[in-house]
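Just below is one structure, and these are the notes that go with it.
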Amino acid sequence: MPKAAWWIAAAALLAAAAAVFLASPWPDALETFLASRGLEGSEAPLPAPAPDYAVPGVGHPGLAGSLAGLGGVLVVLVALWGLGRALVRKGRAEGRGGSGS
C-alpha cells in the first residue's frame, strides 16, 4: 500500500476517535423523523452493533463513543481496501493494467 494511503487511514482513524467529542447531544435527523411519526420506540429490523454510537459494556461514554467510531472507520477502510484489490485484479485480468498509469 502506498505511503499516502497509510497517512489517510491514520487521519481517518484519528478523526473517528476525536469526532465523538464534537458530536451534538441533540437527536439526529432520523431520530427526529421517527419521533414526528410516532415510531421512536419501534423495534429495529436488525440489532445495532454499537447502539447510540457507543460500544456496549464500556463505562466511560467518551471512550465508548471513540471505540464505536474507530470500529466503524476500520470496517469501512477494510471494505474499501478489499473492493480496491478486487477491482485491480479484475482490471489486470482484462488487460487494463491496474498500476495507475
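Any read-out appearing in this document is the output of simple, stated calculations on the displayed coordinates, not a laboratory observation. Just so it is clear, the structure is predicted and the values come from calculations on it, not from any experiment. Here Cβ is always computed from backbone atoms with ideal geometry, including for glycine, and neighbour counts include all displayed protein chains.
Quick notes
- Pair-distance profile P(r), taking every C-alpha pair of the stretch 3-93, with 10 angstrom steps and integer %: 14, 32, 31, 17, 6, 0
- Gained length - TRP7 relative to LEU30, 0.36 nm times residue gap less alpha-carbon distance: 5.0 nm
- Helix-only [θ]222 nm of the chain, DSSP H runs n ≥ 4, -39500 (n - 2.57) each, per residue, nearest 500: -19500 deg cm²/dmol
- The 3J(HN,Hα) values that the Karplus relation (6.51, -1.76, 1.60; θ = phi - 60°) gives for the stretch 17-34 are, in residue order, 5, 8, 5, 4, 7, 9, 5, 6, x, 6, x, 7, 4, 5, 5, 5, 4, 4 Hz. Gly and Pro appear as x.
- Cα→Cβ-extended label distance, 7 Å offset, between ALA19 and ALA44, nm: 1.7 nm
- Our estimate of slack between LEU80 and GLU94, defined as 0.36 nm per intervening residue step minus the Cα-Cα distance, is 2.9 nm.
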